[in-house]
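Engineer: My questions all concern the structure below.
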Amino acid sequence: MPNGSLDAHLFGKTRPVLTWAVRYKISLGLASALLYLHEEWEQCVVHRDVKSSNVMLDSSFNVKLGDFGLARLMDHELGPQTTGLVGTLGYLAPEYISTGRASKESDVYSFGVVALEIATGKKTVDHLGKDSDMGLVEWVWDLYGKGNLLLAVDERLHLVYDEKQAECLVIVGLWCVHPDRSLRPSIRQAIQILNFEATLPNLSSKMPVPVYHVTPPSVSSGEPLSTTSLQEGR
């Protein structure tokens, strides 16, 4: 792809800083790609490795979601059924790490992480704030709870961004990374918010703790549960 991967633009030292308009376009493009996989194809496709290095950009910064090596088909009518813990640390939903069951909701979580990376220009695995154990999600949620949400926006933009869009993208990102998968939006709902077709959710001022919903075992097309397929975030 002419413009390479998103992570090279967000975190690389040799690329110009992405403008806000381009960042918002990329966010919507990635969400639209997931909408097609989750709802618009004949079978639901769970990507399982949504991350900034898999977001490929053409010459006009249109999004192509790459690396389908871990993707799995699911029946639209069934819940989480793909087992085998694979993917990249920092982008994995807590219930996926705990149970090894991938789902549309775990893809939405990964999208939320990428959305926060796009807004902040920071890596999910970076340690931020006074607490050295505070990762990107915790840091942004802390700012949200304190009413300082826009302090999360990439300082390299020098305040040249649409505040309404910035608030929208960051809150959608936080909604998507809600620790309870049943309280996350669908990717369609996320798109509606990003297009200002629906109202922003009211999130807790403090980041909730993960809640796990036990589901009956179901037939799986994935690998046995293993941590050997995990990669460090990059």
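Engineer: Considering only segment 85-171, give the helices (runs of 4 or more DSSP H) lying wholly within it that have at least 1 residues that are free of Cβ contacts under 8 Å to residues at least 24 places away in the same chain.
Structural biologist: So the answer is 94-99, 136-145.
Engineer: Next up: Specify the residue that is modelled with the lowest pLDDT; the eligible residues are those in segment 89-128 that are crowded, with 24+ Cβ neighbours inside 10 Å, among the small types (Gly, Ala, Ser) and more than 10 Å from the chain's Cα centre (by Cα).
Structural biologist: ALA102
Engineer: Being at pLDDT below 95 and among the aromatic types (Phe, Trp, Tyr) is the requirement here; does TYR212 meet it?
Structural biologist: The answer is yes for TYR212.
Engineer: Inspect segment 195-202 for any residue being outside any helix (DSSP H, G or I), modelled with pLDDT of 95 or more and surrounded by 20 or more Cβ atoms within 10 Å (Cβ to Cβ) and give the result as yes or no.
Structural biologist: No, that holds for no residue.
Engineer: So, one more: If a residue must be of a type outside the set (Val, Ile, Thr) and surrounded by fewer than 16 Cβ atoms within 10 Å (Cβ to Cβ), how many such residues does segment 139-173 contain?
Structural biologist: 13
Engineer: So GLU39 ticks every box in (1) among the charged types (D, E, K, R); (2) crowded, with 22+ Cβ neighbours inside 10 Å; (3) under 23 Å from GLN192 (Cβ atoms) but one. Which box is left unticked?
Structural biologist: Result: GLU39 fails condition (2) only.
Engineer: Considering each residue of segment 1-24, count those that are within 19 Å of ASN195 (Cα to Cα) and either crowded, with 18+ Cβ neighbours inside 10 Å or modelled with pLDDT under 90 (or both), and give that number.
Structural biologist: Residues in segment 1-24 being within 19 Å of ASN195 (Cα to Cα) and either crowded, with 18+ Cβ neighbours inside 10 Å or modelled with pLDDT under 90 (or both): 3 in total.
The values are calculated or read from the model by the stated rules, or taken from the named source; none is laboratory data. If you're wondering where the values come from, they're calculated on a predicted model, not measured in any experiment. Note: ideal-geometry Cβ built from the backbone for every residue, glycine included; neighbour counts use all protein chains shown.
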